[in-house]
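Asker: Before I ask anything, here is the structure I am working with.
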Amino acid sequence: MSFAPIQTQADEWITSHTPGYFSPLQMVSRLTEELGELARAVSHAHGEKRPKPGEAAGDIGDELADLIFVAVCLANLEKIDLDEAWKGLMKKLYERDANRWK
């Protein structure tokens with residue numbers, strides 16, 4: 001498993017279809033927007049809030065993918081190797097948090 005192909009694919013799309021990456025602050029705004037859309041879809045599927053008449057319920061998978069795409073773009077802009085970042089996260093989880101919820 002590797003994020004490298006995902007990061008490459010996102011970069012290829014951005015460089016061939018747009019003028020370039022948004023600024024970091026704009027990407028954080030986009031992440032917030034996408035997270036709100038994900039929250040709405042989850043709420044429609046599992047919460048008390050139902051879609052308004054005529055409103056689509058939203059697709060949780062689509063919203064997750066949108067969120068991931070923007071996160072990958074932010075990583076690319078910041079020159080972050082997500083494979084290395086993931087390794088660091090997993091190390092932290094297995095060491096620091098190994099018994100946290102037992």
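Asker: When you scan the range 11-50, how many residues do you find that are outside any loop (DSSP other than H, G, I, E, B), open to solvent by less than 40 Å² (accessible area, probe 1.4 Å) and farther than 16 Å from D62 by Cβ?
Answerer: 2
Asker: Where the second residue is assigned to a helix (DSSP H, G or I) and the first is farther than 30 Å from F22 by Cβ and lies in the range 74-102, which pairs have Cβ atoms under 6 Å and are six or more apart or on separate chains?
Answerer: Listed pairs, sorted by first residue: none to list.
Asker: Here are the criteria: (1) surrounded by 14 or more Cβ atoms within 10 Å (Cβ to Cβ); (2) of a type outside the set (D, E, K, R); (3) over 30 Å from T8 (Cα atoms). Tell me which single one A57 does not satisfy.
Answerer: (1)
Asker: Right, something else. Which residues, counting only those in the range 1-10, are assigned to a loop (DSSP other than H, G, I, E, B) and either small (G, A, S) or surrounded by fewer than 12 Cβ atoms within 10 Å (Cβ to Cβ) (or both)? Full working, then the answer.
Answerer: In the first step, residues of the range 1-10 are kept if they are assigned to a loop (DSSP other than H, G, I, E, B); the result is 1-3.
The answer is M1, S2.
Asker: Mind checking which pairs have a first residue in the range 24-36 that is more than 20 Å from K79 (Cβ to Cβ) and a second that is part of a helix (DSSP H, G or I) and open to solvent by less than 80 Å² (accessible area, probe 1.4 Å), Cβ under 8 Å, 6 or more apart or different chains?
Answerer: E34/E63; E34/D66; E34/L67; E34/V70; L35/L67
Asker: Restricting attention to the range 57-73, which residues are free of Cβ contacts under 8 Å to residues at least 24 places away in the same chain and among the small types (G, A, S)?
Answerer: A57, G58, G61, A65, listed by residue number.
Asker: Here is a further query. Could you list, in sequence order, all residues of the range 63-102 that are within 25 Å of V42 (Cβ to Cβ), part of a loop (DSSP other than H, G, I, E, B) and open to solvent by 50 Å² or more (accessible area, probe 1.4 Å)?
Answerer: Selection gives R100, W101.
The values are calculated or read from the model by the stated rules, or taken from the named source; none is laboratory data. Here the structure is a predicted model, which means the values were calculated and not measured. Cβ: placed from backbone, ideal geometry, glycine included. Neighbour counts: every protein chain shown. Keep in mind that these areas ignore ligands, DNA and RNA; they rest on the heavy atoms of the full protein, side chains included. Shrake-Rupley method; radii C 1.70, N 1.55, O 1.52, S 1.80 Å.
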